[in-house]
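Here the structure is laid out as structure tokens; the discussion comes afterwards.
The values are calculated or read from the model by the stated rules, or taken from the named source; none is laboratory data. Please read these numbers as outputs of a predicted model, since none were measured by experiment. So basically every Cβ, Gly included, is an ideal-geometry build from the backbone, and we count neighbours across all protein chains shown.
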Amino acid sequence: NNNSRQFLLLCGHDYNEDQGSVDLSNTITVSMDDCINLCATQSECVGAGWGISNVGQTTCWLKSSLATSNNSPLWYFAIDDTGDSVPTRGS
């Protein structure tokens with residue numbers, strides 16, 4: 001897309017509500033690229049997680065706030081890295 005936002009891609013990590021992150025919205029997307037592009041178009045989106053949800057669909061979760069990450073095999077997370085500091089990754 002023509003958006004100038006940059007994202008840091010993490011493999012095997014997620015930022016979920018259990019660890020204090022705030023969900024903005026979620027939608028089914030075909031790829032992580034689609035998920036990142038969706039986040040890039042929304043100014044309030046600071047990160048996006050993508051993977052196979054508990055209903056078997058590849059789902060993109062947009063976040064408006066990030067806290068501590070958790071290990072999540074087979075999950076991908078992109079953090080807006082256009083100048084703000086990246087949140088601490090959990091172990």
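May I ask you to list the residues in region 40-73 that are outside any strand (DSSP E or B), touching a strand residue (DSSP E or B) at 6+ places or on another chain (Cβ under 6 Å) and not aliphatic (A, V, I, L, M)?
Passing the criteria: 44, 45, 53, 57, 69.
Being among the hydrophobic types (A, V, I, L, M, F, W, C) and modelled with pLDDT under 95 narrows it down to one residue among 22, 55, 46; which is it?
55
Which of the residues that make up region 47-65 are aliphatic (A, V, I, L, M) and touching a helix residue (DSSP H, G or I) at 6+ places or on another chain (Cβ under 8 Å)?
Listed by number, the residues that qualify are 48, 62.
Please specify each residue of region 15-39 satisfying the condition of being assigned to a helix (DSSP H, G or I) and among the polar types (S, T, N, Q).
Residues satisfying the conditions are 19, 37.
Taking the criterion of being polar (S, T, N, Q) and touching a Lys or Arg at 6+ places or on another chain (Cβ under 6 Å), would at least one residue in region 44-63 satisfy it?
So far as region 44-63 goes, no, none of its residues is polar (S, T, N, Q) and touching a Lys or Arg at 6+ places or on another chain (Cβ under 6 Å).
For residues in region 74-91 being part of a strand (DSSP E or B) and not aromatic (Phe, Trp, Tyr), which is modelled with the lowest pLDDT?
This residue is 74.
For region 35-52: of the residues being surrounded by fewer than 16 Cβ atoms within 10 Å (Cβ to Cβ) and touching a residue at least 12 places away in the same chain (Cβ under 8 Å), which is farthest from residue 69 (Cα to Cα)?
It comes out as 41.
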